[in-house]
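The values are calculated or read from the model by the stated rules, or taken from the named source; none is laboratory data. Just so it is clear, the structure is predicted and the values come from calculations on it, not from any experiment. Methodologically, a virtual Cβ is constructed for each residue, glycine included, from the backbone with ideal geometry; neighbour enumeration extends over all protein chains shown. Protein only, heavy atoms only, side chains kept; ligands, DNA and RNA dropped before computing areas. Shrake-Rupley method; radii C 1.70, N 1.55, O 1.52, S 1.80 Å.
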Amino acid sequence: MTHTPLKSRLLGTQNRTLWFWVFVGPFALGLVLFTYVPLAWSVYLSFFDAHNTVSPDDFVGFDNYTSMLRNDAFTDSLVTFAVFSAFIVPTTFVLSLALALMVNRLRRAQAFFRSVFFLPAACSYVVAAMIWKLSIFNGVRFGLANTVLGWFGVDQTAWLSTTDPPWYWLVIVTVRLWLQAGFYMILFLAGLQRISPTLYEAAAVDGARPGWQVLRHITLPQLRATSVAVTLLLVINAFQAFDEFYNLLSTSSGYPPHARPPLVYLYYTALGREQNLGLGSAGAVLLALIIAVVTIGQARWFGLGRKED
Amino acid sequence: MAISRRTLLGTGATGAALGLLTACGSNTGRDGGGSGGKGPRLAQWYHQYGEPGTEQAVKRYAAAYKKADVSVQWRPGNYDEQTAAALLTESGPDVFEVNGPSLDQIREGQVVDLTDLFDGVKDDFNPVVLAPKTYDGKIWAIPQVVDMHLLYYRKSLLDDAGVEPPQSLDELVDAAKALTTKDVKGLFLGNDGGAGALGVTPLYAAGLSSVTEDGRVGFDDPAAARTLGKLRQLYADKSLLLGAPADWSDPSAFVQELTAMQWCGLWALPAVKKELGDDFGVLALPADGSGGKPSLPVGSYGAAVSARSDHKEAAKDFLKWLWVDRTEYQEDFALSYGFHIPARLSLAKKADKLKEGAAADAVRYSTEYGYSEPLLWTPASRTAYQDALSRIIKSGANPESEVKSVVRKVRAELDRVKKKS
């Protein structure tokens, strides 16, 4: 058997398989090393008492799972997620759709407004959260929100520290809305631009009134696939909420029990001072299962991937 | 030489792959930037101090050591989490500053026994801060400096309101209310209302403890709920400053007159003195109930050696040189930049800066009223307790049921650690 030197195999007649691995290999290797191996290791750790160690020897079976499910801090974090989703999914959906409809109707400067609304998506969650926390919604007299409210005689409000009423939700939801709405607007805009103008013409000929009637009977049904994808992405993103919660609500002494989403709780359990990697891993596995079940259930409910009748 | 597109792409892809793999490493401080001393290369980690000059000082100490090449890393961010994670790998530090070590870190064998470094000098270390570094009769870190939390109050604001410095928790609640105006709040205990910064200090002020010396829950007592309920009163009265741009560990809110009283650290004393002159005083958290006494937490960052270090003996030698033998560096580190009490009793006694004014009061309080968190007060117990305290303060949760719930959790945690002993 003769061996062709690597150089001539690369530079000679195109060897598509070889080039596939040259380009994909490093990234596939990274995926395996930094995603699949840690995932498998995390599942392994979840069956051990693993305080401050990643190579434990104290097998505890499903004890970490049962204690996590009985742990009110973990179940409370799931409730926090549910409340957050109930706020953020519909508001982002409606706002981004409204922005898309407005921008789509513009005859001039459409690219400008598209860029303006999309730009916040390029901002880091950490930076945005710090601006919201330190500049707009700080609790003292020189915070922007308190200054404006002060003009109308309203007392200073500790936006992030008050639980009754829970003003912190206003801060958390608005920062995510500002960051995300532009991105989903682009998805809706793409969906809107795929709708054939002949449909609107036919509707007009049939006497459909422009505005709500056309939106309800033509536009929204035509956006069904986009809407399903946007909803799925919003729910998964809500599950993965971490950055803005952590940066808005954590202090040097820890994180308050209110508005603590699952990932923040698991971060403190596994990687924070607690260093309980077994319990944290069990929580991560449980959370992954919940996300998978919810996503599959949601996809089936919306008929994602089903052929159009 | 002309480079074809194919050659360029191939080279680029190979370079990217190599770059990806080399980027997987991290800067451990073992490469470059060392002190240049002979002997093995040691990586030494510190958390980022806020006081100017501290970083240069510790680099100067390291440079003066000639038996090893010591490379100092100044690490901003969540330092405790960083070191905890680094100790699991081969790429962690050899020598590091630790806010502990924790019981689990000691029992997992992540730190080296340093007991022999204390031969002949153990009695000169402050026993309050040495105790939490001691487990199983062995010492696992060398206390560097003594720190404490204190209640700062603005004398002129108290005088204007006709308020005396509070001597009991009830008086503190009343004083905070009396000092609250439209623009100035009475008291700042941190943006979380005090759950994190005060921690278990109110329990000690009530004459209780977090964990007793014989390893039982120290606050299974009705006095605990009574005392913690009073912290809710501060919140309900709207006497607490909440949402300040800088949290409790920074004196900004106090010197900017956003609050008349603030729970802060001894480290803030020079900054407060610079801004306010003598217009301030310090107190421990006042006592509550007939069995209580004023209370404040005393703690210490320590210097430890990682058990994964390839140069454990060299690292121990360096620590002995720096934190046992070179007392002039210890005094400089404690008092020339920030403001701390030297961990060595002999140094603390002769330090001029600690002999007058609020500093002298602080030193006296640390001796009379200071407590340190025991090793058995694990992070899991602390989190459960702080969560309950937060719910009591902010949500008005029932103190009795919250305390009962925490007692159950702490008892289970104590059972866990005892089982493994």
Projected label distance in nm at A:V116 and B:D136, using a 7 Å step from Cα toward the beta-carbon: 6.7 nm
Shielding by partners, peptide B:388-397 (average Cβ within 10 angstrom, other chains): 3
Square roots of 5 times each gyration tensor eigenvalue, C-alpha, the stretch A:233-309, largest first, Å: 31, 15, 7
FRET efficiency estimate (nearest 0.05) - Cβ-Cβ, B:D80 to B:S346, R0 22 angstrom: 0.15
Rg/Rh (Cα only; Kirkwood hydrodynamic radius) as it applies to the stretch A:130-235: 1.22
Under 20 Å from the A:Q240 label point (7 Å along Cα→beta-carbon), backbone N, the stretch A:17-54: A:27-43
Stretch in chain B that is longest and holds no GluC sites (Glu not before Pro) that DSSP places in a loop and that have at most 15 other beta carbons within 10 Å: B:91-212
Separation of the B:K312 and B:S336 label points, Cα + 7 Å toward Cβ, nm: 3.3 nm
Cα gyration tensor, the stretch B:121-193 - rounded (a/c under 1.5), prolate or oblate: prolate
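Enumerate by residue number the trypsin sites (Lys or Arg not before Pro) in the stretch B:209-291 meeting two conditions: DSSP loop (anything except H, G, I, E, B), and at most 16 other Cβ atoms within 10 Å of the site's Cβ.
Filter output for the stretch B:209-291: B:R216, B:K238.
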For B:I341, residues with placed amide H under 5 Å, excluding near neighbours: B:V146
Rounded to whole Å, sorted largest first: equivalent-ellipsoid semi-axes of the stretch B:137-179, Cα gyration tensor: 36, 13, 6
16 Å reach of a label modelled at A:V83, 7 Å along Cα-to-Cβ, counting backbone N of the stretch A:261-286: A:261-265
Residue-wise HN-Hα coupling along the stretch B:285-297, computed from phi with Karplus coefficients 6.51, -1.76, 1.60 (Hz; x: Gly, Pro): 5, x, 5, 10, x, 5, x, x, 8, x, 8, 8, x
Under 20 Å from the B:D170 label point (7 Å along Cα→beta-carbon), backbone N, the stretch B:225-252: B:225-239
Whole-angstrom Cα spans of the stretch A:44-155 along principal axes, big to small: 66, 40, 25
Partner chain coverage, peptide A:157-163 - average Cβ within 10 angstrom: 6
Cβ-derived FRET efficiency at R0 41 Å, A:I291 paired with B:S290, nearest 0.05: 0.15
Neighbouring partner chain Cβ atoms per residue of B:189-196, average, 10 Å criterion: 6
Where only C-alpha atoms are counted, convex hull volume of the stretch B:61-166 per residue in Å³: 205 Å³
Alpha-carbon centroid distance for the pair the stretch A:20-65 / the stretch A:214-282, whole angstrom: 22 Å
Sum of -39500 (n - 2.57) over DSSP H runs of 4+, divided by residues of chain B (222 nm, nearest 500): -12000 deg cm²/dmol
Radius of gyration, Dmax [the stretch B:291-421; alpha carbons; angstrom]: 20.0, 54
Protein accessible surface hidden between A and B, which excludes ligands and nucleic acids, total in Å², probe 1.4 Å: 3700 Å²
Per residue value of the accessible surface for the protein assembly as shown (all protein chains in place, 1.4 Å probe), Å²: 47 Å²
Contour excess over end-to-end distance, with Cα ends at A:R224 and A:S55 and 0.36 nm allotted per residue: 56.0 nm
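Evaluate Rg over Rh across the protein assembly as shown, taking Cα atoms for both radii and Kirkwood's formula for Rh.
Expressed as Rg/Rh, it is 1.02.
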Cα centroid separation, the stretch A:286-300 to the stretch B:62-120 (Å): 42 Å
Rounded FRET efficiency, nearest 0.05, which uses the C-beta distance separating B:A246 from A:V32 and R0 of 45 Å: 0.55
Kirkwood hydrodynamic radius (C-alpha pairs) into Stokes-Einstein, the stretch B:183-293, 4 °C and 1.567 mPa s, D in µm²/s: 86 µm²/s
Kirkwood Rh in Å, taken over the stretch A:57-301 so that all alpha-carbon pairs contribute: 20.6 Å
Inter-centroid distance (Cα atoms) of the stretch A:79-119 relative to the stretch B:244-275, Å: 42 Å
DSSP-loop trypsin sites (Lys or Arg not before Pro) across the stretch A:157-244, with at most 14 other Cβ within 10 angstrom: A:R194
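Cα-Cα pairs above 40 Å in chain B: how many percent? Could you put the intermediate results ahead of the total?
Values: 21094 of 88410 pairs.
Tail of the P(r) past 40 Å holds 24 percent of the pairs.
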